[in-house]
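Remarks on the structure that follows.
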Ligand SMILES: [Zn+2]
C-alpha cells in the first residue's frame, strides 16, 4: 500500500464535511494535481467530541461513494501510541506512531548497541549530496543520539509490530512523528533517526519531525521563515540520501504537521519540493470546524445565535478549553472581546473575525484560536449543533471549499 506523492491530511471533527473536503481536493485534480486525501483525527479529538475512530471511516467512505471518488484515500490514526492504538486498528489504514514522549527516555543496553553499531558507520563527517558543508558528527553528537533517539525508535518498532500483528495481513501506511516537542530535530539527526527506523524494520512512508518555529493551531507560522526553508530543504536532501543508503520505502517523504494555515511557509514548501522533485504530506488540524462556524454565522438567525453562544461559553471556560492545547495556541486574553460587546455583531462581522484573512481589518486571531479549541461546546450541544450543520450545509460547504482550495492548496502547490 503506497501513499501518493502529494497527500493532504484533513480533519473533520463532527463528521459532516468529508463531501465538501473532497470537492476542494477534486478542484486541484481538475488542475492536474493529484492529491491523496487523508482524514486524520486524533484520540484527543475523538475523546472530546465523543466519537469513535469508526465514525471517521464511515463518513469518509460515504463521501467517497456519493461523489464517485475512485482514487485512493486513507484514514489516519493520528498521534497514536500503544495505549490507544487498538481503538483504531479496524478503521484505519494509516497510522501515525507518535514517539515524541520517548525522546531522551532511557533505553536498554542491547537496543543502544544495536543502533550504535549502524550509526557509528557515519561518525566523522556526514556528507549529504546537495548540501555544500558536511555535517560534523563527533563523539558528543553520537552520545547525544544514543541518549535521545534510541528509545523513541525502539518504541516505534513496538507500535509498528503491534499494528502489524493486529492487522493480520491487511496493509497500512506507517508514519513516525516526533513533532510535539519543543526542540527541533536537526537535518543530521533526521538522517540517523531514519537509519534507526530502517534498522528496526519500520517501513515509514512519512516522517514528521519537529521543525524550527511555532506551529500554532489554525494560525500562521511564527518563526524565521528563511531558517525554516533552509532546514526544510536540508531535510529533503537527507531523506533522499537515507532512501538510497538504507532499506526504506522509496516514496518516503516529509509530513508537515502544520496545525493548519501556515500560509507564510506554504510557498517555500511548495517551491522546495518541486525543486528537489519530492513528495509531501501536509497534515492540517480540524479547522473545517471553524469554517462551519463561519457558515453558521453567515446563515444568521438561530445559527448565528449558536456561534455567539459558543463564543460566550468558550470565553467563560477558556482555561479549561485551552488546557489540552496550551503548547500549540497563543491567545492574548486582552484581545478577546467581552461577550457583552459582541451581542450585536452581524454574521459578516463574525465571519470576518474568524476567517483567516490576516489583512482583513476585522480578523482576530485570538477569537479564531479560542473558537478553534471550543469545539467541545458544540459537541456538548449534541443534536442541536448537528442539525444546524445539516440545515446550513450549502453555505458551510462554500466556506470549506474556499478555505481548503483557495487558501491552502493553491498556495502550497502554486496552482494558477
Ligand atoms: Zn503532530
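Looking at the structure I just gave you, is residue 40 out of contact with any helix residue (DSSP H, G or I) (no Cβ under 6 Å at 6 or more places or on another chain), crowded, with 17+ Cβ neighbours inside 10 Å and assigned to a strand (DSSP E or B)?
yes
Please specify each residue of the range 258-273 satisfying the condition of being more than 12 Å from the chain's Cα centre (by Cα) and free of Cβ contacts under 8 Å to residues at least 60 places away in the same chain.
If the condition is that a residue be more than 12 Å from the chain's Cα centre (by Cα) and free of Cβ contacts under 8 Å to residues at least 60 places away in the same chain, then 264, 265, 268, 272, 273 are the ones that fit.
If you check every pair at least six apart or on different chains, which have Cβ atoms under 7 Å apart with a residue in the range 316-328 that is in contact (Cβ under 8 Å) with a residue 12 or more places away in the chain first and a residue that is buried (at least 17 other Cβ atoms within 10 Å of the Cβ) and assigned to a helix (DSSP H, G or I) second?
318/370; 321/314; 321/376
Does the range 82-104 hold any residues that are closer than 19 Å to residue 203 by Cβ and either buried (at least 17 other Cβ atoms within 10 Å of the Cβ) or free of Cβ contacts under 8 Å to residues at least 24 places away in the same chain (or both), and which are they?
Residues satisfying the conditions are 85, 88, 89, 92, 93, 94, 95, 96, 97, 98, 99.
Looking at (1) without any contact (Cβ under 8 Å) to a residue 12 or more places away in the chain; (2) in contact with a strand residue (DSSP E or B) (Cβ under 6 Å, 6 or more places away or on another chain), which is the one condition that is false for residue 341?
(2)
Restricting attention to the range 148-175, which residues are exposed (fewer than 15 other Cβ atoms within 10 Å of the Cβ) and in contact with a helix residue (DSSP H, G or I) (Cβ under 9 Å, 6 or more places away or on another chain)?
Selection gives 166 alone.
Please tell me if residue 50 is surrounded by fewer than 19 Cβ atoms within 10 Å (Cβ to Cβ), modelled with pLDDT under 95 and more than 16 Å from the ligand (Cβ to nearest atom).
For residue 50, the condition - surrounded by fewer than 19 Cβ atoms within 10 Å (Cβ to Cβ), modelled with pLDDT under 95 and more than 16 Å from the ligand (Cβ to nearest atom) - is met.
Check every one of the strands (runs of 3 or more DSSP E) wholly within the range 178-290 and list those with 2 or more residues that are at positive phi, within 16 Å of the ligand (Cβ to nearest atom) and at pLDDT below 95.
none
The values are calculated or read from the model by the stated rules, or taken from the named source; none is laboratory data. Here the structure is a predicted model, which is why all the values come from computation and not from measurement. Cβ coordinates were reconstructed from backbone atoms using ideal geometry, including for glycine residues, and neighbour counts include every protein chain displayed.
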